[in-house]
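Below is one structure, written out as structure tokens; comments come after it.
The values are calculated or read from the model by the stated rules, or taken from the named source; none is laboratory data. Values in this document were obtained by computation on a predicted structure and should not be read as measured data. Heads up, the Cβs are rebuilt from the backbone with ideal geometry, glycines too, and the neighbour counts pull from every protein chain shown.
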Ligand code: NOJ
């Protein structure tokens, strides 16, 4: 048993203890809980906010409550000294001196920002994602933070939903790999190490499927779909040892997730064996009043009984749990269990040994924005960029000696580079595209803004209010003229355009997901000059680009690439770095297609791809069924050729394995990276199955002319799914095994399971 636990501690990220350590923790916590009053126990269940707000509510009497032992943790405070001061109040002035846990949304960096999570998923490089999460933990953990509200693993097929930027896109398998990499990166092997953070997988569950793409909206989904298509990344994070989990705002099966016992207890604890603590989202308990579940008393009781251990900001627990215990609606056992999860978490973080473990100004000064972390940011940025179009190998621009007109509202906007959720960065550090391009291309670059990001000045000010509007006061005509003039005097136009960073993220849904109108107009005028136009596209979501990209020479989707964006973009444009991202989510052909995703089910009347409209078929009269750019798609600066997939055997039994192999050759003149992708289809099953599902991938690097054979082991777990009774089964029969460059360019072979 001991050995098993010992091994487990290394197989999963740092929240798992050895048997000996676990029993020491148990006796410590038993003894502490023995000393706690009812009020002090309930006090541990409260997580107020200070500083950074993500809703209308704020917390009152924060310091006084800490003194009284009525607070378990605090979030929103940044900086080692600030955190230390508050921790001292908890430790020195409260009766039992229980340290607080300090949380923050370290979503894709702390001071140094890495590409947004959706972009990181586009890297298809879990090793690098883990390295980035660890680098973020290095900075945040030196600055007082012990707990990050990340990773967000909500699978989504909703590009209108702003929070698509924070997750890994549309696929449960890619999402699971990213979730595990982030958990490992934050937590390391030892949660009590001073440079690791407690991770928090969120938002449990199904937050990524809001009706109409509006944030916080109702989710309507059956359990089987949830288990097969949306829940795997949360489970993957639990399997990787994530130490905490956040419930979501939305409802599931008519009950808000925050009060949903099936989700928070039956599935999470009883079926998946989760041992960490569960926190609500920001005021999610109070928000159940608006959902129509009851008053704050009813909502608080239901939340605790369903499985919420810690309340973020609603502040109903201190009042209503005492009452709930008194009238028997809450059992003492449930309260003790919640308190224990929270105290165990603090114990595993090492806070009882050293409450100031994460407050080290010296380490902060050495690590924050240091060259090693910035180098990781640049490396990751290039891996996330997706080259969507490259007519006649327009890119890279290297060595052409040509004059470049850099145009667009995102070109000289360093403050926009990090992307949404950058709560701790000083913003002074971000490198703009203009700055990066001047370093690489020197005075061959001329610049004009060309237009403001949005026509709607009121909306633009709202979106940029927290970092001051940088809206240009000139008339549209003046700005346009200036841009067209430099465009005419150049050989190539680079247009840095797209969304502002706050057009995605929380509470940032959009109905029209095209590039904002003034920029589209300018883009058309730039194209009309006859000069080749390269679009450097900023976005936190898939955009509908169909009309805009038609006449462009090249399109490089850079998402929001983080603090080092400008340098990384310039180096990629110049060919010093390779853009090796692949889409983690489909880019729709038209807004009316949504949801459009590669792992769809077949209808009884499927439409053959690429055919014009046919009556009585599953199709549209006016647009194709397929997205403009499919899941998995992305070009590089070289060209790869695939052989046909082969299987080591055409049959296997349920305990067996076969190897699927495919050869890939670099046919170009440059070295390059390719993501080899493996998909399967269950052809007949007791329930309908998707037309393809990603089950494996490998990112490889090939020298010019080099061939590599990539092999994947196919076993029963890869061929299994949750049946109608929610059992995970591999049903005998035929499967299609597919490999190739993206979800739309695959060769296939048949496998029979006996
Ligand atoms: C609300 C968001 O939904 C959640 O993701 C975040 O962690 C909390 N606010 C705290 O900022």
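Worth a mention:
- Checked against the criterion of being at pLDDT 95 or above, over 20 Å from the mean Cα position of the chain (by Cα) and either assigned to a helix (DSSP H, G or I) or within 16 Å of the ligand (Cβ to nearest atom) (or both), the candidates 155, 164, 127, 91 yield just one match: 91.
- Exclusive hit being away from the ligand (no atom under 16 Å from the Cβ), surrounded by fewer than 17 Cβ atoms within 10 Å (Cβ to Cβ) and modelled with pLDDT of 95 or more, set 436, 442, 465: 442
- Residue within the stretch 72-81 that is more than 16 Å from the ligand (Cβ to nearest atom), within 34 Å of the chain's Cα centre (by Cα) and within 22 Å of residue 199 (Cα to Cα) present: yes
- Here is the figure for the stretch 242-264: residues that are in contact with a helix residue (DSSP H, G or I) (Cβ under 8 Å, 6 or more places away or on another chain) and within 12 Å of the ligand (Cβ to nearest atom) total 8.
- Filtered residues of the stretch 498-527 (kept if farther than 27 Å from residue 423 by Cα, without any contact (Cβ under 8 Å) to a residue 60 or more places away in the chain and crowded, with 23+ Cβ neighbours inside 10 Å): 523
- Test for residue 630: is it under 29 Å from residue 512 (Cα atoms), modelled with pLDDT under 95 and either surrounded by 14 or more Cβ atoms within 10 Å (Cβ to Cβ) or under 32 Å from the mean Cα position of the chain (by Cα) (or both): no
- Once the stretch 301-316 is narrowed to residues that are within 16 Å of the ligand (Cβ to nearest atom) and under 15 Å from residue 249 (Cβ atoms), the residue that is surrounded by the fewest Cβ atoms within 10 Å (Cβ to Cβ) is 313.
- Restricting the stretch 218-227 to residues that are in contact (Cβ under 8 Å) with a residue 24 or more places away in the chain and more than 19 Å from the chain's Cα centre (by Cα) leaves a set whose member that is farthest from the ligand (Cβ to nearest atom) is 224.
- Residue 115 under 17 Å from residue 380 (Cβ atoms), outside any helix (DSSP H, G or I) and in contact with a helix residue (DSSP H, G or I) (Cβ under 7 Å, 6 or more places away or on another chain): yes
- If the condition is being surrounded by 14 or more Cβ atoms within 10 Å (Cβ to Cβ) and in contact with a helix residue (DSSP H, G or I) (Cβ under 7 Å, 6 or more places away or on another chain), then the stretch 69-85 contributes 69, 70, 71, 72, 74, 77, 80.
- Boolean, residue 45 is at pLDDT 95 or above, more than 16 Å from the ligand (Cβ to nearest atom) and touching a strand residue (DSSP E or B) at 6+ places or on another chain (Cβ under 6 Å): yes
- Within the stretch 317-333, the set of residues being without any contact (Cβ under 8 Å) to a residue 40 or more places away in the chain and either buried (at least 18 other Cβ atoms within 10 Å of the Cβ) or assigned to a loop (DSSP other than H, G, I, E, B) (or both) comprises 320, 324, 327, 328, 329, 330, 331.
- Taking the stretch 477-497 as the range and being in a helix (DSSP H, G or I) and buried (at least 22 other Cβ atoms within 10 Å of the Cβ) as the test, the residues that pass are 483, 487.
- So residue 69, is it assigned to a loop (DSSP other than H, G, I, E, B), away from the ligand (no atom under 16 Å from the Cβ) and either at positive phi or free of Cβ contacts under 8 Å to residues at least 12 places away in the same chain (or both): yes
- Selection over the stretch 48-66 of residues that are within 16 Å of the ligand (Cβ to nearest atom) and at pLDDT 85 or above gives a count of 4.
- Residues located in the stretch 542-601, provided they are without any contact (Cβ under 8 Å) to a residue 60 or more places away in the chain and not in a loop (DSSP other than H, G, I, E, B): 547, 548, 592, 593
- Index of the failed condition, residue 141 passing every other in (1) over 24 Å from residue 62 (Cβ atoms); (2) surrounded by 24 or more Cβ atoms within 10 Å (Cβ to Cβ); (3) out of contact with any strand residue (DSSP E or B) (no Cβ under 8 Å at 6 or more places or on another chain): (1)
- Strands (runs of 3 or more DSSP E) lying entirely in the stretch 705-754 (those with 2 or more residues that are under 27 Å from the mean Cα position of the chain (by Cα)): 733-742, 745-753
- Pairs with Cβ under 6 Å, 6+ apart, first in the stretch 235-262 and closer than 19 Å to residue 189 by Cα, second more than 13 Å from the ligand (Cβ to nearest atom) and modelled with pLDDT under 95: 240/12; 240/13; 241/12; 241/13; 241/15; 241/16; 243/15
- Among the candidates 134, 108, the residue that is buried (at least 23 other Cβ atoms within 10 Å of the Cβ) and touching a residue at least 24 places away in the same chain (Cβ under 8 Å) is uniquely 108.
- Of the residues making up the stretch 414-429, those that are over 12 Å from residue 569 (Cβ atoms) and part of a loop (DSSP other than H, G, I, E, B) are 418, 419, 420, 421, 422, 423, 424, 425, 426, 427, 428, 429.
- Members of the stretch 281-299 found to be away from the ligand (no atom under 16 Å from the Cβ) and either exposed (fewer than 15 other Cβ atoms within 10 Å of the Cβ) or under 15 Å from residue 218 (Cβ atoms) (or both), listed by number: 292, 293, 294, 295
- The lone exception for residue 96 - which of (1) surrounded by fewer than 21 Cβ atoms within 10 Å (Cβ to Cβ); (2) in contact with a helix residue (DSSP H, G or I) (Cβ under 8 Å, 6 or more places away or on another chain); (3) assigned to a helix (DSSP H, G or I) it fails: (3)
- Looking across the stretch 171-207 at every residue that is in a loop (DSSP other than H, G, I, E, B) and within 16 Å of the ligand (Cβ to nearest atom), the one that is surrounded by the most Cβ atoms within 10 Å (Cβ to Cβ) is identified as 199.
- Tally, over the stretch 388-398, of residues that are farther than 13 Å from residue 492 by Cα and surrounded by fewer than 22 Cβ atoms within 10 Å (Cβ to Cβ): 5
- When every residue of the stretch 381-392 is checked against the conditions, none turns out to be within 22 Å of residue 486 (Cβ to Cβ) and modelled with pLDDT of 95 or more.
- Filter pass, residue 457 being within 19 Å of residue 554 (Cα to Cα) and out of contact with any helix residue (DSSP H, G or I) (no Cβ under 7 Å at 6 or more places or on another chain): no
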